[in-house]
1. Students often check this: by mean Cβ neighbours within 10 Å, which of 80-86, 54-60 ranks highest, and how do the rest follow?
2. To the nearest Å, what is the center-to-center distance of region 29-75 and region 92-113, using C-alpha atoms only?
3. Projected onto the charge dipole of the chain (+1 at Lys/Arg Cβ, -1 at Asp/Glu Cβ, origin at the Cα centre), which of VAL95, SER70, TRP105 gives the Cα projection farthest towards the positive end?
4. Using per-residue counts of other Cβ atoms within 10 Å, averaged over each peptide, order 15-22, 41-48 from highest down.
5. Only one of the values [x] 33, 33, 19; [y] 40, 38, 28; [z] 39, 31, 23 was calculated from this structure for Cα extents along the principal axes in Å; name its label.
6. Give the residue from ALA34, ALA48, ALA81 lying farthest towards the positive end of the charge dipole for region 1-103; charges sit on Cβ (+1 for Lys and Arg, -1 for Asp and Glu) and the dipole is referred to the Cα centre.
7. Under unit Cβ charges (Lys, Arg +1; Asp, Glu -1), what dipole magnitude, rounded to 20 debye, does region 3-109 have relative to its Cα centre?
8. In region 3-109, what % of DSSP beta bridges are antiparallel (nearest 5)?
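What follows draws every value from the coordinates through simple rules; no lab data is involved. Keep in mind that what you see is a predicted model, and the values were worked out from it rather than measured. All Cβ positions, glycine included, derive from the backbone under ideal geometry; neighbour counts span all protein chains shown.
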Amino acid sequence: MVGNKRSGMLTVARHDGSTEVTVAVRGEIDLATAAQLRDAIVTAVADAEPDMSVVVDLAGLRFIDSAGISVLLRGRRSALAAGREFRVAGAEGLVLEVLQLTGIWPLLSGEAA
């Protein structure tokens, strides 16, 4: 584990592997915590080697609102602009349902619609 930050109801941990940088998220992403996730994704994209991907692991996430969705979409856009692959993994329960209902789960996860 490279870093671990906690703010309010959100914990973000970063793990650097040989082929990907993983940003693991636990807790809740809302307007109050979205900037913390944004900063973690921006740093992961900037630090990743050109042949590495950036993965945001949502397995520990209990809640996401529109601010969190916006951060994930912007993170994807910035990773792709930097030539990095980007995907979201591990979403389940309410978080997966929200991402599916908004129609962005296939885009973020790489899974077929």
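1. 54-60, 80-86
2. Answer, in whole Å: 15.
3. Of the candidates, SER70 comes out farthest on the positive side.
4. Peptide ranking by packing, descending: 41-48, 15-22.
5. Here Cα extents along the principal axes in Å agrees with entry [x].
6. Of the listed residues, the answer is ALA34.
7. 220
8. Among the beta bridges of region 3-109, antiparallel pairing accounts for roughly 45 percent.
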